[in-house]
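Take a look at the structure below.
Where a number appears in this text, it was derived from the coordinates with a stated rule and is not lab data. Small disclaimer: the values here were computed from a predicted structure and weren't measured. A quick note on method: Cβ atoms are made from the backbone with ideal geometry, for glycine too, and the neighbour counts reach across all protein chains shown.
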Amino acid sequence: RPRTRNIPERFPWYSRTFRCSHGCHQNSRGTDLRQRSSRYGGCPARFSAKVVQVTEEGCATKWVVKVYNETRTHNHLSNAAIGSTYQGSACVDNRPDVQSRLADMVSVGGAPKKITQFLSDSLERMVTPQQARNIIQRVLGKSSVEHKLKHLLDAVAEQGSSVLLLQDQLDVTTAIVIQTAVQKRIFREWGDCLLMDWTHSTNNLGYHL
């Protein structure tokens, strides 16, 4: 059936508890300088799933997923339309077809907007640009160093870009310096400028010029 996920063959957890997102609360780790929205409403809906081994009469022993401590009642309106708008966890770990297509789109320099739309259509849910970036990082993060380097060089393989390889006495590449055509245009427009990021006091280092 559409939108149906099969039970996986392997389980990394023995037991896991699932809660409504309106019933999960996490203390703020910031300094409350910026306003933020919170979905917490004390919703009691939850259930726990445990992998157990059972033996039925006349049958062989088998592993099953048992659900217990189940509370189905929500203290808020809940339906499929509302749930599809929540920014939950978007995952493609069990979708090798999506991972392969995503890697191809990134390797050819696909537009971020099109990649986000592709993930939304494939996962049949709303995927934000930040979630799309996180998925790309997880998928490409499993690749080898050589594969990552290939994606990087393919991304800057355009007219006007420059790549400098620094090698030691054994002809081993120790550093790669990249200057894209876009960076060159910016340097020509701005000249010799020093840019510093002091957004929200995130930079606590002292610079001596």
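Structure notes:
- Taking 0.36 nm per residue of separation and subtracting the current Cα-Cα distance, fully stretching the chain between Leu170 and Ser107 would add 19.6 nm.
- Between Ala60 and Cys193, the simple spin-label model (points 7 angstrom out along Cα→Cβ) gives 7.0 nm.
- Pairwise FRET efficiency - Cys24 versus Tyr68, Cβ, R0 = 30 Å, nearest 0.05: 0.95
- Take the Cβ atoms of Phe11 and Leu153, set R0 to 41 Å, and the FRET efficiency comes out at 0.55.
- Count Lys and Arg as plus one, Asp and Glu as minus one, and take only other residues whose Cβ is under 15 Å from that of Ile82; the net charge is then +2.
- In order along the stretch 120-125, phi translates into HN-Hα couplings of 4, 5, 6, 8, 6, 7 Hz, rounded to whole numbers, per the Karplus curve 6.51 cos²θ - 1.76 cosθ + 1.60 with θ = phi - 60° and x for Gly and Pro.
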